[in-house]
1. Only sites in a loop by DSSP and with at most 15 other Cβ atoms within 10 Å count here; which chymotrypsin sites (Phe, Trp or Tyr not before Pro) in the range B:1-106 make the cut?
2. What is the Cα centroid distance between the range B:123-153 and the range A:311-365, reported in whole angstrom?
3. Please go through the range A:350-449 and write out the trypsin sites (Lys or Arg not before Pro) that DSSP classes as loop and that have at most 15 other C-beta atoms within 10 Å.
4. May I ask you to give the solvent-accessible area per residue for the range A:439-538, in square angstrom, as obtained with a 1.4 angstrom probe?
5. What whole-number value in Å² describes the accessible area per residue of the range B:74-152 for a 1.4 Å probe?
6. Can you list the HN-Hα couplings for the range A:21-37, worked out from phi with the Karplus curve (6.51, -1.76, 1.60; θ = phi - 60°), rounded to whole Hz and with x for Gly and Pro?
7. Using θ = phi - 60° and the Karplus curve 6.51 cos²θ - 1.76 cosθ + 1.60, what whole-Hz ³J(HN,Hα) does each residue of the range A:309-318 get, with Gly and Pro shown as x?
8. Are there DSSP H segments in chain B that both extend 27 Å or more along their axis (alpha-carbon positions) and score a mean Kyte-Doolittle hydropathy of at least 1.0? List them, or say none.
Amino acid sequence: MDLVTEINMFESIASAASERWNDLNSGSKPWIRIGTALCGEAAGSKNLLPKIRSILDDLKIDANVSEVGCLGLCFAEPLMDIQLPGENRVFYRNVSENDLEQILTSHIKDSKVNSDLAFLYSGDEDIEDVPRLESHPMKAKEQRISLRNAGDIDPYDIDQYIANGGYHALNKALFEMDSEAVLNEVKDSGLRGRGGAAFSTGIKWSFLASNNAPDKYILCNCEEGDPGAFNDKGILESDPHTVVEGVILAGYATNANYGYIFIRHGHDGPIERTKNAIKQAYEKGLLGDNILGSDFSFDMEVALTGDSYVAGEETALMEAIEGKRSMPRYRPPFPAQVGVFGKPTNINNVKSLSYVPEIIRNGGQWFSEIGYEQSKGTAILCLSGALQFTGMIEVPMGLNLKDILYEVAGGVSGDRNLKLVQTGGPLGGVLNADNIDLVLDYETFRNAGAILGSGGIIAADDRTCIVDLTRSLIAFCQYESCGKCFPCRMGMSHLLEVIERICDLEGTDEDLDLMRNIGENMQAGSLCGHGQLGFNPVASAIKYFPEEFNQHIIGHTCLTKVCNNQRFSPTRTRR
Amino acid sequence: MDVLTTAIVEAVRNQEQPTKTVLSSLLAIQDAMGYIPKQSMEVVASEVPNTTVNDVWAVASFYPNFKFEPRSQCTVEICWGPTCHIAGAMEIFGEALNVLELETEGKTSDGSVELDFNTCLGACAQAPVISVNHHLIGRVTKNTLKDIIEKSK
Ligand SMILES: Cc1cc2nc3c(=O)[nH]c(=O)nc-3n(C[C@H](O)[C@H](O)[C@H](O)COP(=O)(O)O)c2cc1C
Ligand code: FES
């Protein structure tokens, strides 16, 4: 095959996909989309599906009904939208079984948008008394790169991804760029890892690229054990192909030949959608031998782990893929020398890889112009807790956390005051309400004693007790210590004992120093970040809420009264 | 081979993905049977190359999602992650213990319901979240919890 027919191979795939997409949007049938990501499921959207179908049958309406991922407005789930051929998309929020008949009848049968029922719309025609999607506070500041298709396309349908520019980057890389050029674009983009450590993705790839071993691996990390973070799962549920394409491009750039997407067992939505995406990519010749007729071959599968937070740590993850206990390894050797199955390996987070297709399509320069000083691109944040609007957003780095909480998330729900924000997962830190004037930037957050990390932002109002919340975080860290390094295993248990004592209002004057001492030993004596960072929640809580600790320890009172309540946590020490 | 062992062997051999390990085999067994019967250790040790029964136990005992007894008809998981904690997970858990007449996580006396903690069910925006028979339910309150459990029994 010569080069021209090879390119035509993708072109014919792409034009068939576009045709299908156009038909969905402006063919003869209405298109109904409903979010069934984890957030939608938890709001009951899956129960609505059979009901929608039966009402459509009753009304004798022939419509396309698609399950989509997460549009980001999780607070409004179940979120359903209807698009009549060639017309606006109209969104309906918190849809219940009882609303369905009225919505479907008025919108489809009578072709009327009832502004009492409709929540938002997107499209060209203005609709009276219904706000535009883009005007919603959660949407107004967004710039979507990774989430560009989330909530819009059916994650089970590869054609919808392709019709929206998907796999164009892969086609471009394979036929117009050598692997070094792809690597250079990622370096130029300034992309830094979104899994926690914020290491330059391009530089990490160059370690693997410079290793000439014949078998090399790309691992995509969707362990996502951080409670409060659901964006990795959200991306895989909403648009799994952007991650699949990102992994293939990482393989091309580094000359690797095998990829694993690693997901925690039990999260069926992300797992099924990713498995299906890989299968479809094989069917279209976008994975396997001689991708699109090029001389590049790459294989991929999904690997699952059991419940283990530490399995998200890069070397523990390799152990889990090999089927062992997810306990971290000594470094060196580093993964780019000796990784999974003893072969050179590169590991990236889901979010990091999800950007890559757009970086290759638009150039590294384009990406580097978005964002802030040393933090390029966007932040994909999960807003949860005591906020008016909870959900998943993608905004440029450099926005202010305070604006995100008060504008994007609409401030604290109810008539309450913001008390604290917990960021970056259980190993991250807390900030009090006076210290949230921070720009989204890795360095700024670190200097404040918090971590931007994987993007979980949990807000709590004045009913939350900081000591009790810290106890809960330490209980998590204790439960999840893998047990390999005893300073972490014993340290966490000891920390928990002390902080439980403080919650019982039986703490002593020495307890804060005792905890600091334990924390120092954990940091010095642990192999991985779990032990090294495990004191963070306590350190930041003491830093920002010294009086409240004193009230508990010296005053023997918990003003929120939370500490008087019963508390429960699983008891287990791994060893 | 008895029926149970045959089913375990099938679960291990029917794995679709190319990489088959001790962990993936145990997960496959748990998916197929709902739990890890004792015989699994020998089966996995003989199906996965260079593996001893000890190796299999080491993995099985490490991950708390592995259960070694048949599951109850109805399984309830309650998220105790920080978002759910702030949203009242402790109260929900306490109420679940009340309704199920339990002291802590585990099976009810008649074995019909099994209660577990979950560190994060991934739907934090809908906190507090529980899962009933692997189905997520958000914005649970003390009052709705009882109904949910009664209906699912
Ligand atoms: C205890 C622990 C848990 C971790 N969990 C995750 C995780 O769930 N997902 C993730 O992407 N990275 C996690 N990491 C970070 C990884 O070790 C690694 O840095 C990351 O996957 C690299 O990807 P990136 O360069 O794209 O950020 C964890 C680290 C530690 C120490
Ligand atoms: S913290 Fe409860 S679902 Fe995430």
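The values are calculated or read from the model by the stated rules, or taken from the named source; none is laboratory data. This one's a predicted model, so the numbers in the text were calculated from it and none came from an experiment. So basically every Cβ, Gly included, is an ideal-geometry build from the backbone, and we count neighbours across all protein chains shown. The protein model used for the area step is the full one, side chains on, heavy atoms only, and it has no ligands, DNA or RNA in it. Shrake-Rupley method; radii C 1.70, N 1.55, O 1.52, S 1.80 Å.
1. Values: sites: B:35, B:57, B:62, B:66, B:68, B:80, B:93; in loops: B:35, B:62, B:66, B:68, B:80.
Of the chymotrypsin sites (Phe, Trp or Tyr not before Pro), the ones in loops of the range B:1-106 whose Cβ has at most 15 other Cβ atoms within 10 Å are B:35, B:68.
2. Value for the Cα centre distance between the two parts: 35 Å.
3. Working: sites: A:351, A:361, A:376, A:402, A:416, A:419, A:446; in loops: A:416.
Answer by residue number: A:416.
4. Working: 3400 Å² over 100 residues.
It amounts to 34 Å² per residue over the range A:439-538.
5. Numbers: 3040 Å² over 79 residues.
Using a 1.4 Å probe on heavy atoms only, each residue of the range B:74-152 averages 38 Å².
6. Coupling constants for the range A:21-37: 5, 5, 5, 4, 7, 9, x, 9, 10, x, 10, 10, 10, 9, x, 10, 6 Hz.
7. Once θ is set to phi - 60°, the couplings for the range A:309-318 become 5, 5, 4, x, 6, 4, 7, 5, 4, 5 Hz.
8. On the way: long enough: none.
Flagged H segments: there are none.
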